[in-house]
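The values are calculated or read from the model by the stated rules, or taken from the named source; none is laboratory data. As the structure is a computational prediction, the values presented were derived from the model and not from experiment. As a convention, Cβ positions derive from the backbone with ideal geometry for all residues, glycine included, and neighbour counts pool all protein chains shown.
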Amino acid sequence: MGRLFQAGDRLSAICETCGDSVNARMKIQDYMPPEREVAVPDVLVLVCERCDAVVGIPPRSTPRINASRRVEDYASETIQARLPRVLEDTLDLVVATVAGPPKIVRSAILRHYLRLVAQSPVIADAVKLRSADPIANSKADGRLVVKIPPHRKAEVLEIARKAGIESEPQLLHGLALLIADDCQIELRPCHGGESAIRVFEKGAKAREKFIKELAMVIS
Ligand SMILES: [Zn+2]
């Protein structure tokens, strides 16, 4: 396996920026791999002591860098819809209850609910019933995009289709309304009848608990 480098280890290296053989030092820092959009946090890299450029990556850092690359590739699909602004505002309201970067919080909540749909036809039914609310069919002047891994998208869409959800907009409209219900945001009386209400209530506490826990993790 060769030597296991530690932060602070010194060695000589070729620095392309300096165009020279330089003294370099192992250092833990955020590292932006070439052709990537997101830096990998806290990774051990070899840094030029003259210009601070990264001049090498020790073997022990490669798994960490590769793992982060996989996470990025992973969420490469989207589920998206135009949706009524009132639903967008409702989601913002839920997101605001969780301290943290709104974009990240919103994605985390939506991905969690999509995972629930993939795991449970009961949730898919609730989303279907909720999507029938007239509010879901009002003027779509907002927009919602959720990035998810391809395999998850396939799972979600299959379960959703079996529940009678015919499109990504219908799925996201129903999901937004279900989230509103779970967080006791009252938009309008539910039109699904009593059986629908029972479906919504089932697990609502647990789903709301997730959002509260998320608040603790992210803040
Ligand atoms: Zn240099």
Q) Across region 37-64, what is the total count of residues that are more than 11 Å from the ligand (Cβ to nearest atom) and not aliphatic (A, V, I, L, M)? A) 11
Q: Collect the residues in region 114-164 that are under 21 Å from Ala206 (Cβ atoms), of a type in the set (D, E, K, R) and surrounded by 18 or more Cβ atoms within 10 Å (Cβ to Cβ), keeping them in residue-number order.
A: Asp125, Lys128, Arg130, Arg152
Q) Is it the case that some residue within region 141-152 is in a helix (DSSP H, G or I) and under 18 Å from Ala163 (Cβ atoms)? A) yes
(Q) If a residue must be within 17 Å of Ser120 (Cβ to Cβ), among the aliphatic types (A, V, I, L, M) and in contact (Cβ under 8 Å) with a residue 40 or more places away in the chain, how many such residues does region 139-156 contain? (A) 2
(Q) Name the residue that is modelled with the lowest pLDDT, counting only residues in region 169-206 that are acidic (Asp, Glu), surrounded by fewer than 19 Cβ atoms within 10 Å (Cβ to Cβ) and part of a helix (DSSP H, G or I). (A) Glu194
Q: Please tell me if Ala99 is touching a residue at least 60 places away in the same chain (Cβ under 8 Å), loosely packed, with under 15 Cβ neighbours inside 10 Å, assigned by TED's automatic domain parsing to the domain that holds Arg130 and among the aliphatic types (A, V, I, L, M).
A: yes
